[in-house]
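Participant: Right, I'll just put the structure down here and ask away after.
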């Protein structure tokens with residue numbers, strides 16, 4: 001196996017053994033990022049990002065290792081926030097948290113630690129797009145912390161200018177490294193998060209999308225952000241969603257087969273439990289073929305379980321039976337529950353078949 005270490009004084013970024021499972025690979029990256037961040041080893045963090053970005057290496061389930069790395073960093077960009085410092089909202093049914101403005105100074109003190117560390121990373125690696133992307137990610141997470149997770153009506157007026165200020169800082173920082181975005185496609189993920197919420201002209205947005213197609217290596221994290229914001233609830237439409245999914249699939253077919261179509265819809269499916277094929281234009285035969293292409297290249301139980309889940313949701317019980325036969329005792333009910341609970345799926349299948357027998 002090719003060794004992907006970047007200078008093996010950096011033990012953290014070493015290649016993983018083929019014997020490792022998907023979860024073990026991800027845990028290894030999470031632990032390495034946590035250790036480097038905790039010990040303020042910015043060289044290590046930078047080298048890891050460079051390695052994963054330059055090689056475009058994937059895990060066994062086809063997830064970019066860079067995406068696992070970014071998820072791991074994101075976990076470091078959080079503060080311990082007591083629930084009693086949240087504002088009680090009367091907006092219903094809002095199962096959410098909204099920080100109370102009278103405790104903002106306490107939050108600022110907690111965020112200051114992360115601010116210092118991301119700034120130290122940027123200052124020690126001024127030419128590193130990876131450091132800039134990391135700091136931009138922190139700025140966005142901090143801004144959205146003050147906004148909270150509630151509906152817009154529940155957000156205190158004091159939070160909006162704070163959110164916009166951090167978003168603008170992230171935009172300016174990312175823009176200053178724009179010429180280097182091809183060397184870290186996570187740049188596009190963070191920038192699309194920014195332009196989705198700040199005033200951006202249609203021409204500027206189209207230009208960014210075109211730049212991503214040219215330089216972004218079809219990075220899944222950025223694709224998912226674009227696809228997410230094409231949903232009707234964010235001002236898009238189901239027609240725009242499907243057009244984008246088919247276009248990206250066409251552009252990547254030589255390398256990925258039909259997998260991109262399946263990936264895009266799979267990654268928003270938890271927002272449409274039981275209803276992916278009725279509330280979007282997701283086409284089951286196309287998605288089924290894409291999931292099969294994905295599994296043929298990256299044979300991982302996740303894709304087989306996904307095939308079964310979505311087959312059941314689409315009423316394709318022949319494919320469901322095929323999947324259940326191949327999985328045996330390896331059905332991941334926790335994964336199914338995100339989209340259509342396994343027990344509910346079996347009940348639906350058996351009920352439909354019983355009705356068909358009667359008729």
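Rule-based calculations on the coordinates, nothing more; no lab input. Keep in mind the model is a prediction, meaning the values are calculated, not measured. Backbone-built Cβ (ideal geometry, glycine too); neighbour counts: all protein chains shown.
Participant: Would you give the gap between the C-alpha center of segment 202-241 and the C-alpha center of segment 91-157, rounded to a whole Å?
Facilitator: Between the Cα centres of segment 202-241 and segment 91-157 lies a distance of 24 Å.
Participant: Would you mind estimating how fast the chain diffuses translationally, via Stokes-Einstein at 4 °C and 1.567 mPa s with the Kirkwood radius over Cα pairs, in µm²/s?
Facilitator: Roughly 58 µm²/s, to the nearest whole number.
Participant: Which length gain, in nm to one decimal place, applies between residue 56 and residue 103 when the Cα-Cα distance is subtracted from 0.36 nm times their residue separation?
Facilitator: Between residue 56 and residue 103, full extension yields 12.7 nm more.
Participant: If you take the beta carbon distance between residue 160 and residue 356 as r and set R0 to 41 Å, what does 1/(1 + (r/R0)^6) give as a FRET efficiency, to the nearest 0.05?
Facilitator: Computed FRET efficiency for residue 160 and residue 356 comes out at 0.15.
Participant: Taking the Cβ of each residue in 177, 69 as the centre, tally the other Cβ atoms inside 10 Å and list the residues starting with the fewest.
Facilitator: Least to most surrounded, the residues fall as 177, 69.
Participant: In nm, to one decimal, how far is the residue 267 label point from the residue 149 one, both placed 7 Å along Cα→Cβ?
Facilitator: Distance between the two pseudo-spin positions: 2.1 nm.
Participant: Relative to the longest principal axis of the chain, what angle (0 to 90°, nearest 10) does the C-alpha long axis of helix 342-358 take?
Facilitator: So the helix axis and the longest Cα principal axis differ by about 20 degrees.
Participant: With N denoting the number of residues in segment 80-213, provide Rg(C-alpha) divided by 2.2 N^0.38 Å, to two decimal places.
Facilitator: Taking the Cα Rg and dividing by 2.2 N^0.38 Å, one obtains 1.16.
Participant: Could you give me the radius of gyration and the Dmax of segment 147-271, taking only the C-alpha atoms into account and expressing both in angstrom?
Facilitator: 15.5, 50
Participant: Is any residue of segment 197-226 close enough, with backbone N under 20 Å, to a label point placed 7 angstrom from the Cα of residue 22 along the Cα-Cβ axis, and if so, which?
Facilitator: Correct set: 219-225.
Participant: Work out, step by step, the length gained on full extension between residue 96 and residue 127: first 0.36 nm times the residue separation, then minus their alpha carbon distance; give nm to one decimal. Don't skip to the end; give the middle numbers.
Facilitator: Details: separation 31, 0.36 × 31 = 11.16 nm, distance 3.90 nm.
Extra length from residue 96 to residue 127 when fully extended: 7.3 nm.
Participant: Please compute the modelled spin-label separation between residue 318 and residue 337, points set 7 Å along Cα→Cβ, answer in nm with one decimal.
Facilitator: It works out to 3.3 nm between the two label points.
Participant: Continuing with the same structure: Would you calculate the separation in nanometres between label points at residue 198 and residue 325, each defined as 7 Å from the Cα along the Cα-to-beta-carbon direction?
Facilitator: Rounded to a tenth, the inter-label distance reads 5.5 nm.
Participant: Angle check, please: helix 301-313 long axis (alpha carbons) against the longest principal axis of the chain (alpha carbons), in degrees 0 to 90, nearest 10.
Facilitator: Tilt relative to the chain: about 60 degrees.
Participant: Compute the angle between helix 284-297 and the longest alpha-carbon principal axis of the chain, please, reported from 0 to 90 degrees and rounded to the nearest 10.
Facilitator: For 284-297 against the chain, the angle is about 70 degrees.
Participant: Residue 175 to residue 40: FRET efficiency via 1/(1 + (r/R0)^6), r the Cβ-Cβ distance, R0 25 Å, to the nearest 0.05?
Facilitator: According to the calculation, E is roughly 0.40.
Participant: I've got another one for you. More than 15 angstrom separation, counting every C-alpha pair in segment 215-306; what % is that?
Facilitator: Cα-Cα pairs of segment 215-306 separated by over 15 Å account for 58 percent.
Participant: Can I ask one more? Can you give the Rg and Dmax of segment 317-359 based on its C-alpha atoms, in angstrom?
Facilitator: Rg and Dmax of segment 317-359, Cα atoms, are 11.5, 35 Å.
Participant: Let me ask another. Using a 10 Å cut-off around each Cβ, can you sort 211, 51 from fewest to most neighbouring Cβ atoms?
Facilitator: 211, 51
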